[in-house]
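Below is one structure, written out as structure tokens, with a few remarks after it.
Just so you know, all these numbers are worked out from the coordinates, no wet-lab data involved. What you are looking at is a predicted structure, and each value in this text was computed from that prediction instead of being measured. Note: ideal-geometry Cβ built from the backbone for every residue, glycine included; neighbour counts use all protein chains shown.
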């Protein structure tokens, strides 16, 4: 599947988040040398993609205090307590939102969670420049999110290559066939399909189901957004997902360990090609 070169800068909510992320990345550039040294010395990453290859659909459980679409989910959420509960419930990996203004996250959340659990940790943020990936590896993350819609094809190619050089796995998030083709052409090994249009914040049902079958079996496929209960996991399992990324429903749960356990018991069907 060959990627098209057509791309325009994102608008709407995503466009604003990307502009803010670029400003944060610009500030990081002043510390490039220190971050590069720290990334080199960081503890080897816990394998992320391998952790998502299970007999059941793997759950990437997200530590999420708030979001632009829902507002506050749990204002007083403890990242460490939440992550430990997720691990007890059988999560394959933890996703930690580090974006500060709209999601209420921080790098401290990531550091604290890394010290509290033994499973891989994904740094989830709006990563738009390679320096942010260097920071993610310096912090100790196993993986980082990169959203195809947020960056140009050339930048995506550079980010995937830079992640590979760092030993940092990338979850490349896509929403349509063109973005999927681009991710695969550039060598992505973990692809997430987001049912939510981040420019409008509207969940467009069926996006994951439409695209899962187009992802090669040797690439880890993840369904994102709109997954809150076991029936949702069963639906995307039938289409061949390897994993689901779940945030709002389990972050709001009074018993996150039980909530994750219910989602983690759905058999994985796999994809034929």
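When residue 98 is tested against (1) within 23 Å of residue 19 (Cβ to Cβ); (2) more than 15 Å from the chain's Cα centre (by Cα); (3) free of Cβ contacts under 8 Å to residues at least 60 places away in the same chain, only condition (2) is not met.
In this structure, does residue 269 turn out to be part of a loop (DSSP other than H, G, I, E, B) and over 17 Å from residue 69 (Cβ atoms)? When the stated conditions are applied, residue 269 passes them. Going through (1) more than 21 Å from residue 46 (Cβ to Cβ); (2) under 16 Å from the mean Cα position of the chain (by Cα) one by one, residue 181 falls short only on (2). A residue that is without any contact (Cβ under 8 Å) to a residue 60 or more places away in the chain, within 24 Å of residue 229 (Cβ to Cβ) and touching a strand residue (DSSP E or B) at 6+ places or on another chain (Cβ under 9 Å) cannot be found anywhere in the range 43-62. Filtered by the rule that a residue be buried (at least 21 other Cβ atoms within 10 Å of the Cβ) and in contact with a helix residue (DSSP H, G or I) (Cβ under 8 Å, 6 or more places away or on another chain), the range 212-225 gives 212, 215, 220, 221, 222, 223, 224. Note on the range 139-148: residues that are under 18 Å from residue 97 (Cβ atoms) and assigned to a helix (DSSP H, G or I) amount to 1. Restricting the range 184-194 to residues that are crowded, with 21+ Cβ neighbours inside 10 Å and free of Cβ contacts under 8 Å to residues at least 60 places away in the same chain, the residue that is farthest from residue 250 (Cα to Cα) is 188. Go over the candidates 241, 231, 207 one by one and state the one that is without any contact (Cβ under 8 Å) to a residue 24 or more places away in the chain and either farther than 18 Å from residue 126 by Cα or under 18 Å from the mean Cα position of the chain (by Cα) (or both). Checking each option against the conditions leaves just 231. Summed over the range 210-228, residues that are over 25 Å from residue 70 (Cα atoms) and in contact (Cβ under 8 Å) with a residue 40 or more places away in the chain total 8.
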